[in-house]
1. Hey, among the residues in the stretch 14-29 that are more than 16 Å from His83 (Cα to Cα) and modelled with pLDDT of 90 or more, which one's surrounded by the fewest Cβ atoms within 10 Å (Cβ to Cβ)?
2. Given Leu165, Leu205, Leu195, which one is open to solvent by less than 10 Å² (accessible area, probe 1.4 Å) and under 24 Å from Ile304 (Cβ atoms)?
3. Residues that are without any contact (Cβ under 8 Å) to a residue 60 or more places away in the chain: which strands (runs of 3 or more DSSP E) entirely in the stretch 47-150 hold 2 or more of them?
4. Scan the stretch 4-43 residue by residue and report those that are in contact with a Pro (Cβ under 9 Å, 6 or more places away or on another chain), in a helix (DSSP H, G or I) and either over 21 Å from Leu310 (Cα atoms) or of a type outside the set (Lys, Arg) (or both).
5. Keeping to the stretch 444-469, report how many residues are modelled with pLDDT under 85 and part of a helix (DSSP H, G or I).
6. Restricting to the stretch 175-226, and then to whatever is under 19 Å from the mean Cα position of the chain (by Cα) and among the aromatic types (Phe, Trp, Tyr), can you tell me which residue is nearest to Ser275 (Cα to Cα)?
7. I'm trying to understand the selection: among the residues of the stretch 244-296, which are modelled with pLDDT of 95 or more, over 30 Å from Ala12 (Cβ atoms) and among the charged types (D, E, K, R)?
8. Which residues, taken from the stretch 6-19, are under 17 Å from Glu230 (Cβ atoms) and either free of Cβ contacts under 8 Å to residues at least 60 places away in the same chain or among the aromatic types (Phe, Trp, Tyr) (or both)?
Amino acid sequence: MSDDLLFRDFLASALVSTGFSRDPGAPPLVGLSSDLYFPPLEDLILSLSPAAPPEYLEIFRGRTEDLIRARNAVPTTIPFSYHGDCLWYTQSDFLFNPAFREETLRANRHMDAIGSPWMIHECAQKTMEGYAFGLYAPPLLTPEGALVARQGALALASSLNGRILLVETPPFPPHPTGPLDLATFFRIVTHDSPLGIGLDIGHCLTYLAVTGKRPDPQSLVAWLREFPLERVVEIHVGGLTATLLEGEECLIDDHSREVPDLLFDSLEAVGRSLSLPNLKGVALEVDNKSLPVIAREFPRFRKIVLSSFLENPITGSRSPVFPAPQLPGNIRLGPEGSDVCLSARKGYETLAQGLMEKGLSPYATTLYPLEVWNFGGSMPDMFPETLSLLEKEGIAAQDTFVDFFNRHPRSETTPFDYLQIKVRRTLEWVDTLSEHLPDPDTYLTIRAMAEKEAGLLILAQEQFNGDPL
């Protein structure tokens, strides 16, 4: 039996008795992908026209009790799917880190709560080799990086109690990440496996831009013809913005901005041009967007999906069966040995350091310092009184904080989210400032204020995301 047919059988089995199980050739469901809390789910549904509600909802990781409440509040005719986080299967230690096993148990409990047939998860990470990043950092695009990601993804998929793992195309910052083409990377990761793919249109455009290809609908469609399209189960459309960095225009994944015409046009081109035989859902990502913007964007998005994917006569047809990807040298698909893991780890260490080293790329020089300072909670918003006290002492807080954040890698034995990492690092950073504060009483005052503000932040974070096993 071909690789394509094996995956079809697994997919059909996983979708039994769900709202995603539909007749072959039926158009994909039109949905929304959203944070559970911002905007509030009930307000999000009410903001849309009663005549055109979402056909499914993809919900980000949250507290189990809140996921149960959300499932009960939404009509059962609208199925739910799950967007996971904190399971960095791209990393060489994924199989051996007990924290990831705990997070897998939590993810299964979340999917039980909402009845999700799959988990979509970025093929990326927010920490690598002890360094933390605010936004998703891309995978290592080398054969070894692909094999290690494959190993982790297969291990994760085997722990999902028959559900599907969709490995999602990640966003790419303006920084080179390796010579392997992303299409080949995903063919290596998914070949001869039960893994599906989540295709994020904006993320793919950022990849084309960073590799010197034209980020336009025609180039995207041409590049995707080499992609393992028979494994695409879900498509995402989020945000995208063009930013001038070091005199060069760069595309940045940015969900806070309105969806540009380029992204909508690219979605339409994909729907009209490519065979996607296993596509079940297309979702507009609306996390942290205002309700008026969502209410304005969703009807346009819905119209594009219903017209382009419904009119495409090949959407529900058989796609070509892709051959096994060709790997250089003696690297083979199969159990990954210590040499492959070691090579991938060294590659990730180099990538992590390069992403932070000014002068190596527009990302490292311009975006990364801003990301550390602002993403996952802006420092002036999180520690206003602490920073005010430091300013009075003449300390350049932003520069010294970013420098401290990068100075030494930290071994994270628990997959903390980025806000928690920032809070912990902030307290460590304040401790290092004592040498710049000759008056011990001033230091103690600042340290006490930092501890107070940190405590309030952690308390608020646990209110929304505290979900002990």
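The values are calculated or read from the model by the stated rules, or taken from the named source; none is laboratory data. For clarity, every value in this text was computed on a predicted model and none was experimentally measured. Cβ coordinates were reconstructed from backbone atoms using ideal geometry, including for glycine residues, and neighbour counts include every protein chain displayed. Remember, those area values only see protein heavy atoms, side chains included, never the ligands or the DNA or RNA. Shrake-Rupley method; radii C 1.70, N 1.55, O 1.52, S 1.80 Å.
1. Thr18
2. Going through Leu165, Leu205, Leu195 in turn, just one is open to solvent by less than 10 Å² (accessible area, probe 1.4 Å) and under 24 Å from Ile304 (Cβ atoms): Leu205.
3. Answer list for the stretch 47-150: 56-60, 80-83, 118-122.
4. Asp4, Leu6, Phe7, Phe10, Leu11, Ala14
5. Qualifying residue count for the region: 5.
6. Phe186
7. Residues satisfying the conditions are Asp261, Asp265.
8. Answer for the stretch 6-19, where residues must be under 17 Å from Glu230 (Cβ atoms) and either free of Cβ contacts under 8 Å to residues at least 60 places away in the same chain or among the aromatic types (Phe, Trp, Tyr) (or both): Phe7, Asp9, Phe10, Ala12.
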